[in-house]
Amino acid sequence: MTSHTERRTTARAIADDLREQIRTGVLPPGHPLPTSRELADAYGVTAKTVSAGIDLLKLEGLVVGEQGGRRRVRLDKPITWNLTHFERGKRRDSRAMDDWSAAITAAGRTPAQQVAVSTGPASAEVAAWLQIAKGDSVLTRTRMRLVDDRPFQLSTSSFPLALAEDTLLEQEGDVAIPGGILRSIGHPQHHVRDEIAIRMPTPEETERLQLPVGTPVAQHVRIGYGADCPVRVMVTIAPGDRHILVYEMDVSE
């Protein structure tokens, strides 16, 4: 009889083999895996051992399950998100789309954004980022960013209400202004601070971003500072399987 330890070791070996097939393109994105019975016959093991190996790949986010028990290689193709250039440079001059949409279009992909606007009291975390009191009123613009009709980012920007009230920031939908909205309303950002954390998603993030089990996310916080104090904080949740984050720095003296 096969021991639990032996079965676990065999399951890992099966996962290693299938992972290599995914990495080399033998099993390309979107391709269905062989059935458990087919894999069991190929590896000379039980269907239970095969399932244990595939479960490891699910936890890594390489394989997703479908209704009916079929398993498939994850389809999503990652985007390269260059945070050095994000909200900087020539793309800021566009009236047709914001900087993110312009970058996705330049990469040959199709962007879309669903934008909702709300007002309410600042949470303790948002208040700390904006250097205001907890409970002070803020305006929030929440974006669901899609690439090729698939959710890729959930981005929430918060502004002190006194700064944002009666401005373009209150408009629903995707608003693009040359140089950015804050500059156009007289509150330009002079510098930004980025904070990046890698964590597991909340249940709400998992649902809204359609995340398979075991998929971590990057939380990118960008605090924009005006002349005297922060004027915006943007928190972007980026699924780890759909993004390559890039920074470029000049290291010359």
Just how far, in whole angstrom, is region 5-63 from region 217-245 if you go by their alpha carbon centroids?
36 Å
Hey, rough spin-label estimate for Ala124 and Val213, points 7 angstrom out along Cα→Cβ, what's it come to in nanometres?
3.3 nm
Do the sum for the chain: with -39,500 (n - 2.57) for every DSSP H run of n ≥ 4, divided by all residues, what is the mean residue ellipticity at 222 nm, to the nearest 500 deg cm²/dmol?
-8000 deg cm²/dmol
Taking springs between alpha-carbon atoms closer than 10 angstrom, which of Pro239, Pro28, Pro160 fluctuates most in the Gaussian network model of the chain?
Pro28
Here, Arg23 and Ala42, labelled 7 Å along Cα→Cβ, have an inter-label distance in nm of 1.7 nm
Site Ile177, offset 7 angstrom along Cα→Cβ, radius 19 Å on amide nitrogen, limited to region 98-129, gives 98-102, 115-119
Could you work out the relative contact order of the chain, using alpha carbon pairs under 8 angstrom and six or more residues apart, expressed as a whole percent?
18 percent
Given a 10 angstrom Cα cut-off, can you work out which residue in Gly240, Gly69, Gly179 is the most mobile in a GNM of the chain?
Gly69
Would you kindly derive the ³J(HN,Hα) couplings of region 117-127 from the backbone phi angles with the Karplus curve 6.51 cos²θ - 1.76 cosθ + 1.60 (θ = phi - 60°), listing them in order in whole Hz, with x for Gly and Pro?
10, 8, 10, x, x, 6, 5, 4, 5, 5, 4
Determine the gain in length on full extension of the stretch Thr206-Asp166; use 0.36 nm per residue of separation and subtract their C-alpha separation, reporting nm with one decimal.
11.0 nm
Please give, to one decimal in nm, the separation of the simple spin-label points placed at Ala106 and Glu87, each 7 Å out from Cα toward the Cβ.
1.7 nm
Mind telling me which of Ile22, Ile223, Ile54 comes out most flexible in a GNM of the chain, alpha-carbon contacts under 10 Å?
Ile22
Given (1) 14.5; (2) 17.9; (3) 18.6, which label gives mean projected area of the Cα convex hull in nm² as computed from the coordinates?
(2)
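We did not get these values from a lab; they are worked out from the coordinates using the rules stated. These figures come from a predicted structure and were not determined experimentally. A quick note on method: Cβ atoms are made from the backbone with ideal geometry, for glycine too, and the neighbour counts reach across all protein chains shown.
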